Amino acid sequence: MMTEEMDGNIIELTDAEAELYDRQIRLWGLESQKRLRAAKILLIGLNGFGAEVAKNIILAGVKSITFLDNRELSQLDLCAQFLAPKNAIGKNRAEASLERAQTLNPMVEVAVDTESVDDKPDKFFENFDVVCASECSLTQLKRINRACRKNGVKFFAGDVWGTFGYTFADLGKHDFVEDVVQSKKIQSSEAGEPALAKVKFETITTTVKKSITFVPFETILDTCDLPRDGEPYYLLKILLNYREKHGHDPLPSERDTDSLKKEAAVIIDKYKLGDKIDHLICENLYAQISPVCAIVGGVMAQEIIKTVSQKQSPHNNLFLFNPDTMCGKILCLGQK
Amino acid sequence: MAASISGVLDTDLQNAVLRSKVLVVGAGGIGCEVLKNLVMTGFTDIEIIDLDTIDVSNLNRQFLFHKQHVGKSKAAVARETALKFNPDVKITHYHDSITTSDYGVSFFKKFNLVMNALDNRAARNHVNRMCLASDIPLIESGTAGYEGQVELIKKGLSQCYECTTKAPQKTYPGCTIRNTPSEPIHCIVWAKHLFNQLFGEEDPDQDVSPDTADPEAADTAGEGALQTESNDKGNVDRVSTRTWAQSSGYDAEKLFMKLFHDDIMYLLSMDNLWKKRRPPVPLIWTDLPDGVAGCSKDTVEPGLRDQRQWSIAECGSVFAQSIKSLSKELAERQKKCPSDHLIWDKDDQSAMDFVAACANIRAYIFGIAQKNRFDIKSMAGNIIPAIATTNAIIAGIVVLHAFRILLDNLKACRSVYLRSKPNHKNLLLVPEKSVNPPNPLCYVCAPTPQVTLALDTTKMTVKELEETVLKTRLNMIAPDVMIDGKGIVVISSEEGETEANNGRILEQLGIRDGTILKADDFLQNYSLTITIVQREAPAVKGQTPDFLIAADPEDLKPKEEDDGSKEPSTSNGKVEKFDQDAVVLVETEVTPQSSDADVSKKRKTVTPPPDVVNKKQRTENSNGYEDDDICIIEDSDSDMQCIYQKSVSPTKHTNKPSETKYETEAQVIPNKCMLQKHKPLLDEECLIVYDEGDETPIPPTVKQQRAE
Ligand SMILES: [Zn+2]
């Protein structure tokens, strides 16, 4: 029997689920859907990017998603945070997002936790199959990643600054299957007439088991050896450093000040970049912009879905969206 | 909202967003996402149009809709939900088709830009023409499964939607469907035809009985078998299937015995057919096998009826049940209106049951692998799977393109492709190097659009010219056609004006080799010059296409009769001609290459043999193509998909422009059965199901094909 066992639960799809998820089951198969149906997700940071991830994950039909956020909804959030209503400004972001999130799919358990992630013990993360962290400081990211590693929880991080964004994955040792299609030539000489023999080809799909070992977030933070088109990596470093130092991301009111440029200068100097990333620093990087949240949040959610369903190769390990070229590139950094 | 807070967007963009007026065509998978991005960004004036209503299977991705909205207008509900996100935006919605005359050039001219979020080719073609006619920038987008693409269409600057050849839909020769099926899809197509014969609109091209005009069976057709005369169409003469079924009171046993016993006996009498094939085995209603043939992994899953493989006995009872309810429904409709009939719908339980049961019974008879109802639904309904994430990513890029258009930076709107796996440069989102330039021979966006049309002027009627060529193939909505230099009106869009011409053969109106026709579509503001070339109709209908169209008349001459099938040798690697039984090589094939090998093959339903692939690969490389230049464009929901290939970029050819041979179209349209009515080709109507490169997850079994 193809019943799926995860955390001791046997999950069978109901007819209602089969109907609702019909189009995606036709893409990723019944098995993947059943694995999704068992997955418990922790989403940290209900900003515009978080709202996109939440939407996609809830629509996909996971078992549960918990919104962890101790921040209040701000005017700036409304540039992209479509789950929270305008009149909830000043209220907790996770709580403000609950109602609309739940409406997206009543079959998914949506829970809210308004504590700070810093108040959560390492054991807390054990309750989930996947943790996805956004709007966290470097210190927080490293710590959450460590806690997830320790407990065998799949760790993701992602953020959007204006039109720029990234996603990162540390899945520890990740096992998955991949379909491999081969084309095979077969001779068929029918009725013993070689002249009429036709060369036939058939394609055979086989499922192959694979495994990838990931590295933690901190190991990608000091890379000198970047591939071509890797410049947005430096922008990521600048913005994470900025957040670490200021406790928040660059604000629209700071657009014409030097605070971001100062942080950029440090990186430009360190990596001897000259004017290579000046055009990226000039992008709109203040507050999250909805279409970019959709792009980066879409990539992030698809990686979570892929990971949970243990089908297809996940991106190892950094995805960067270049707002200037619209390139979306995967960088494999920090490998020993 | 980004545009209402100073400093979020740079001032130019902020002002442009606040001042703009935009149109979104389609409120489906991509449309919902685009609308969300627009209202959150702070666009102030948005119009959205969609003729569709909400279905349960939309809810997994069209997130502006919820369960209580099923059955309601997509455009209206999308507006309602988006207004909750941002109550300050003005959204005008239309629950209507964009192809009606209410939305003419003056309508389109109201907008700064138009964003397409459509699921069918016909509407895309139309909006393309309207935006060209209005000179308004259009952002075209599409997704299929994990993949998608976004491109700018701007008159004079970029390719238009019709600059490149879209792969033709797959069709199957009548005799394969009626006499010698060899794949599950043949049985599924047959079952859908049978549905229409019994309950739907009767179409002579959808006959399901043995085809005695099958050239392969010519010598022995029906000899010594049933004493039936066949008419010139090869159909066994008798009362229509419908009339016969009705007179028998839709008796399941009688119908079964006729379809799956008597007709099969008749086929068996056509000896020639079975010399090199496994002969079919007729079934007896009272003695149906109840084991599940080829019972393998597909047979588990007790929970879901759709996923389970049915035994033939079970198919028999589903057959009987579905006939009972369908005939009842038909009778009820005909009580109200005698000429009424049912329309096949993959989401109608009985209609889908009927096709699944019949397809499996026929597959069993011919020794073809049977499928579960879930898979048959994919194939019969031509469902292209769609997911939220892909739509979200593509819609995000659409709106970023919109920003650039508003800033008048159109050159930055290079096409972007979303891949299911990173390419060899590790790119998941792959932008083109520059905007693709227009095809100078495009029969839509060229300064004076023209085509050469090869057809048999002694056979084709005016009505056929209008329906199959002008409307279905050339996508006109209401054409007016005149013979150039003679002032003779052949077709008028004014009702009743040229009705008398409908049944007349072209030649009777003086249309012959060399005749030049002027075809106009007033709504699309589109004029096309058509040069007629006489070409003899095929001896057997469906053997070769009824007509051919090319931008360059030379394309129609040498290859046509003899060597067409040998070499897909146009400069852009496109296949211009195919034999329906042979390898169908289309440009969707992402050639297996390094890390992409797996995906590229997986998404094909038909994979060309390696040697052909290699040849094609070389062709492409010589033109500087890369594997990521090719992508599938969507039809977000459940429609056929269109295939794009990057056109030849100008830099590659500036030295030798003569080598840049654009193939506007030399597509083969095998016969009329795919050229139905002039309507958007929605999945339900498109009886033949595949576009090549379709991602419909045909179960990963074995697909066979033959190389030349
Ligand atoms: Zn064109």
Candidates B:Val435, B:Val469, B:Val490, B:Val533 - the one that is within 14 Å of another protein chain (Cβ to nearest Cβ), touching a strand residue (DSSP E or B) at 6+ places or on another chain (Cβ under 8 Å) and of a type outside the set (Ser, Thr, Tyr): B:Val435
Some residue of the range B:454-475 being under 19 Å from B:Leu138 (Cα atoms) and under 28 Å from the mean Cα position of the chain (by Cα): yes
Residue in the range A:244-252 that is crowded, with 16+ Cβ neighbours inside 10 Å and either at positive phi or touching a helix residue (DSSP H, G or I) at 6+ places or on another chain (Cβ under 6 Å) (or both) present: yes
Conditions (1) within 29 Å of B:Glu554 (Cβ to Cβ); (2) within 14 Å of chain A (Cβ to nearest Cβ); number of the one not met by B:Leu429: (1)
Condition broken by A:Ser253, with the remaining ones in (1) part of a helix (DSSP H, G or I); (2) within 12 Å of chain B (Cβ to nearest Cβ); (3) within 24 Å of A:Phe155 (Cα to Cα) satisfied: (3)
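Every residue, every condition in (1) part of a loop (DSSP other than H, G, I, E, B); (2) open to solvent by 60 Å² or more (accessible area, probe 1.4 Å); (3) touching a Gly at 6+ places or on another chain (Cβ under 7 Å), yes or no:
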position: B:Met482; (1), (2), (3): no, yes, no
position: B:Gly485; (1), (2), (3): yes, yes, no
position: B:Val490; (1), (2), (3): no, no, no
position: B:Glu494; (1), (2), (3): yes, yes, no
position: B:Glu497; (1), (2), (3): yes, yes, no
position: B:Ala500; (1), (2), (3): no, yes, no
position: B:Gln508; (1), (2), (3): no, yes, no
position: B:Gly514; (1), (2), (3): yes, no, no
Only one of A:Glu126, A:Glu52, A:Glu99 that is within 14 Å of chain B (Cβ to nearest Cβ), in contact with a helix residue (DSSP H, G or I) (Cβ under 6 Å, 6 or more places away or on another chain) and of a type in the set (Asp, Glu): A:Glu52
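Matching residues to (1) more than 9 Å from chain A (Cβ to nearest Cβ); (2) open to solvent by 10 Å² or more (accessible area, probe 1.4 Å):
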site	(1), (2)
B:Ala357	yes, no
B:Ile365	yes, no
B:Lys371	yes, yes
B:Ile376	yes, no
B:Thr389	no, no
Single condition B:Glu47 does not satisfy, out of (1) in a helix (DSSP H, G or I); (2) more than 9 Å from chain A (Cβ to nearest Cβ): (1)
Filtered residues of the range B:467-479 (kept if crowded, with 22+ Cβ neighbours inside 10 Å and more than 16 Å from the ligand (Cβ to nearest atom)): B:Thr468, B:Val469, B:Leu470, B:Pro479
Residues of the range B:516-537 that turn out to be surrounded by fewer than 15 Cβ atoms within 10 Å (Cβ to Cβ) and part of a strand (DSSP E or B), as a count: 1
Count - residues of the range B:1-39 that are over 34 Å from the mean Cα position of the chain (by Cα), facing another protein chain (nearest Cβ under 8 Å) and open to solvent by less than 20 Å² (accessible area, probe 1.4 Å): 6
Filtered residue count, the range A:81-115, keeping only those that are closer than 17 Å to A:Glu52 by Cβ, crowded, with 17+ Cβ neighbours inside 10 Å and of a type in the set (Val, Ile, Thr): 2
Total residues in the range A:36-80, condition open to solvent by 10 Å² or more (accessible area, probe 1.4 Å) and part of a helix (DSSP H, G or I): 2
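Let's see how each residue does on (1) within 30 Å of A:Val153 (Cα to Cα); (2) assigned by TED's automatic domain parsing to the domain that holds A:Asn47; (3) touching a Lys or Arg at 6+ places or on another chain (Cβ under 6 Å):
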position	(1), (2), (3)
A:Glu218	yes, no, yes
A:Asp222	yes, no, no
A:Lys237	yes, no, no
A:Leu240	yes, no, no
A:Asp249	yes, no, yes
A:Ser259	no, no, no
A:Lys262	no, no, no
A:Leu280	no, no, no
A:Glu283	no, no, no
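Yes or no, residue by residue, for (1) hydrophobic (A, V, I, L, M, F, W, C); (2) closer than 16 Å to B:Ala380 by Cβ:
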site	(1), (2)
B:Gln309	no, no
B:Ala313	yes, no
B:Gln321	no, no
B:Lys324	no, no
B:Leu342	yes, yes
B:Ala359	yes, yes
Odd one out for B:Lys463, checked against (1) more than 16 Å from the ligand (Cβ to nearest atom); (2) under 22 Å from B:Arg129 (Cα atoms); (3) of a type in the set (Lys, Arg): (2)
Residue ranges of helices (runs of 4 or more DSSP H) in the range A:259-336 with at least 3 members open to solvent by less than 10 Å² (accessible area, probe 1.4 Å), facing chain B (nearest Cβ under 9 Å) and at pLDDT 95 or above: A:290-309
For A:Cys282: the one exception among (1) within 19 Å of B:Leu427 (Cβ to Cβ); (2) free of Cβ contacts under 8 Å to residues at least 40 places away in the same chain: (1)
Residue match in the range B:364-386 (condition: among the β-branched types (Val, Ile, Thr), closer than 26 Å to B:Gln62 by Cβ, touching a strand residue (DSSP E or B) at 6+ places or on another chain (Cβ under 9 Å) and away from the ligand (no atom under 16 Å from the Cβ)): yes
Residue check, B:Cys187 hydrophobic (A, V, I, L, M, F, W, C) and either surrounded by fewer than 23 Cβ atoms within 10 Å (Cβ to Cβ) or within 16 Å of the ligand (Cβ to nearest atom) (or both): no
Scope the range B:303-346; condition small (Gly, Ala, Ser), over 19 Å from B:Ala252 (Cβ atoms) and in contact with a Leu (Cβ under 7 Å, 6 or more places away or on another chain); matching residues: B:Gly303
A:Leu239 vs. criteria more than 23 Å from B:Ser420 (Cβ to Cβ) and in contact with a strand residue (DSSP E or B) (Cβ under 7 Å, 6 or more places away or on another chain): yes
Among (1) more than 14 Å from chain B (Cβ to nearest Cβ); (2) within 25 Å of B:Gly42 (Cβ to Cβ); (3) in contact with a helix residue (DSSP H, G or I) (Cβ under 6 Å, 6 or more places away or on another chain) - the single one A:Val112 does not satisfy: (2)
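The values are calculated or read from the model by the stated rules, or taken from the named source; none is laboratory data. Bear in mind the structure is a predicted one, so any value in this text is a computation, not a measurement. So basically every Cβ, Gly included, is an ideal-geometry build from the backbone, and we count neighbours across all protein chains shown. Side chains are part of the model used for accessible areas, which takes the heavy atoms of the whole protein and leaves out ligands, DNA and RNA. Shrake-Rupley method; radii C 1.70, N 1.55, O 1.52, S 1.80 Å.
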